[in-house]
Amino acid sequence: MTNNSPPATRLPEDRTAIVTGAASERGIGRAAAHRLASAGWAVAVIDLDETKPSDIAAEITRRYGSPARGYGLDVTDGRRSLEVVARICEDLPQLVGIVNNAGISSPTPFLEVTYEEWCRVIEVNLHGAFHLTQAAARVMAENRIGRIINIASASAQRGGGVYGRAAYSASKAALLGFTRTLARELGPYGITSNAVSPGSIDTDIMGGRLSDDRIAELLRELPVGRIGTVDDVAGVISFLLGQDGSYLTGVTYDVNGGSHIA
C-alpha cells in the first residue's frame, strides 16, 4: 500500500540514482554516472554486460568514494527489470533517481526500414524505459520523493536530421509524451519527471567518431560554434536530479548548442 504522507521537499543525504546504458566509453550514461557520483549520489550502473558496469562502478567508488554497483540487464526484459530494481534497493541507499539513457539508433530511411528493426528500436528505447521506470517509481512513490530523467533526442523534435531516422525519432518523441504524463501522474507522490534532449553530441550513437567533414557540416547550424560533449549533457542531468531541480517537472531541456532555434 502506498504511503499517504505528504511528499518530501528535500533529497535524502544518502540517495541512489540508476543510470542505464552507462557502459559505453564515450557515452552520456557513463559521464552522467561520474557526474552524479561527484555530486554525492550512490550510483547503480546498468548495461547489457554485467562486467563493464561493475568495472565502471568500481572506478566510480575509487575516484569519488561514493557507493556504486554494476548490474547486467537487458532493459526490454520486464521481469528482470523488477529483480534488478529490488537488488539495487538492497545493495545501495534509498532509490531517488533514474536516468533512462539506454538506447539504440537507426539510420535506416523509412522506405527501407524493416518492421523487425522498427520494433527493436521501440522495444529498447521506449519499452525499456517503461519497465525500469515503473519498478523504480513504485519505490519512489512509497518514499514520497523521486526524480525521473528520460534521455530523448533533438531528432524527436525536428524529425530526424541528426543521425537517427524514423524509428529512432518516433521512439524518442514517444519518450517526451511519456515524460510529461509521468510528471502529471506522479507529481502527487513527490516525483518529478523531465527529459533531456541532446543534439549533436560526440558519442558513438552518432555512428562512431565524427570525421572532420561531418564536424564541419554540423557546425554550420550550431550558434555556439562547437560540437557538444557528454559532459554538457551530464551537467544538465545532474542539475535536474539535484535539489535545485525540485520545482521543474514535465520539462524538456534541449542540449543542442542552439541547432534548432525557433
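Mind checking which residues of the range 175-194 are surrounded by 19 or more Cβ atoms within 10 Å (Cβ to Cβ) and closer than 17 Å to ASN125 by Cα? Result: LEU175, PHE178, THR179, LEU182, SER193, ASN194. Among the residues making up the range 1-14, a single one is surrounded by 15 or more Cβ atoms within 10 Å (Cβ to Cβ) and more than 17 Å from ARG138 (Cβ to Cβ): LEU11. The set of residues from the range 18-42 being outside any loop (DSSP other than H, G, I, E, B), over 19 Å from GLU83 (Cβ atoms) and either in contact with a helix residue (DSSP H, G or I) (Cβ under 7 Å, 6 or more places away or on another chain) or without any contact (Cβ under 8 Å) to a residue 40 or more places away in the chain (or both) comprises ILE28, ARG30, ALA31, ALA32, ALA33, HIS34, ARG35, LEU36, ALA37, SER38. Contact map, the range 105-117: residues that are of a type in the set (A, V, I, L, M, F, W, C) paired with residues that are surrounded by 10 or more Cβ atoms within 10 Å (Cβ to Cβ) and part of a loop (DSSP other than H, G, I, E, B), Cβ distance under 7 Å, separation 6+ or inter-chain. Pairs shown: PHE110/ARG165; VAL113/SER106. For the range 157-168, the set of residues classified as at pLDDT 70 or above and surrounded by fewer than 24 Cβ atoms within 10 Å (Cβ to Cβ) consists of GLN157, ARG158, GLY159, ARG165, ALA166, listed by residue number.
Within the range 125-142, restricting attention to residues that are farther than 19 Å from PRO198 by Cβ and among the small types (Gly, Ala, Ser), the residue that is surrounded by the fewest Cβ atoms within 10 Å (Cβ to Cβ) is ALA141. If only residues of the range 26-41 that are buried (at least 24 other Cβ atoms within 10 Å of the Cβ) and over 15 Å from the mean Cα position of the chain (by Cα) are counted, the one that is nearest to GLY235 (Cα to Cα) is ALA37. For the range 241-261, check the following and say yes or no: at least one residue is more than 28 Å from PRO188 (Cβ to Cβ), surrounded by fewer than 18 Cβ atoms within 10 Å (Cβ to Cβ), modelled with pLDDT of 70 or more and touching a helix residue (DSSP H, G or I) at 6+ places or on another chain (Cβ under 8 Å). For the range 241-261, residues more than 28 Å from PRO188 (Cβ to Cβ), surrounded by fewer than 18 Cβ atoms within 10 Å (Cβ to Cβ), modelled with pLDDT of 70 or more and touching a helix residue (DSSP H, G or I) at 6+ places or on another chain (Cβ under 8 Å): present. Against the conditions (1) of a type in the set (A, V, I, L, M); (2) surrounded by 22 or more Cβ atoms within 10 Å (Cβ to Cβ); (3) at pLDDT 95 or above; (4) within 19 Å of LEU132 (Cβ to Cβ), ALA23 satisfies every one except (3).
Do the conditions hold for VAL113, that is, is it over 15 Å from the mean Cα position of the chain (by Cα), surrounded by 21 or more Cβ atoms within 10 Å (Cβ to Cβ) and farther than 19 Å from LEU241 by Cα?
Numbers: over 15 Å from the mean Cα position of the chain (by Cα): yes; surrounded by 21 or more Cβ atoms within 10 Å (Cβ to Cβ): no; farther than 19 Å from LEU241 by Cα: yes.
When the stated conditions are applied, VAL113 does not pass them.
The set of residues in the range 47-64 that are under 20 Å from ILE98 (Cβ atoms), in a helix (DSSP H, G or I) and among the acidic types (Asp, Glu) is empty.
So for the range 150-168 (the condition being within 29 Å of PRO67 (Cα to Cα), in contact (Cβ under 8 Å) with a residue 24 or more places away in the chain and assigned to a loop (DSSP other than H, G, I, E, B)), does at least one residue qualify? Reasoning before the result, please.
First pass over the range 150-168, keeping only residues within 29 Å of PRO67 (Cα to Cα): 150-152.
In the following step, the residues that additionally are in contact (Cβ under 8 Å) with a residue 24 or more places away in the chain were identified as 150-152.
Pick out the ones that are also assigned to a loop (DSSP other than H, G, I, E, B) and you get 152.
Yes; the residues of the range 150-168 include at least one that is within 29 Å of PRO67 (Cα to Cα), in contact (Cβ under 8 Å) with a residue 24 or more places away in the chain and assigned to a loop (DSSP other than H, G, I, E, B).
Taking the options ILE98, ILE145, ILE201, ILE122, name whichever one is surrounded by fewer than 24 Cβ atoms within 10 Å (Cβ to Cβ) and within 23 Å of ARG35 (Cα to Cα). On inspection, the qualifying residue turns out to be ILE145.
The values are calculated or read from the model by the stated rules, or taken from the named source; none is laboratory data. Small disclaimer: the values here were computed from a predicted structure and weren't measured. A quick note on method: Cβ atoms are made from the backbone with ideal geometry, for glycine too, and the neighbour counts reach across all protein chains shown.
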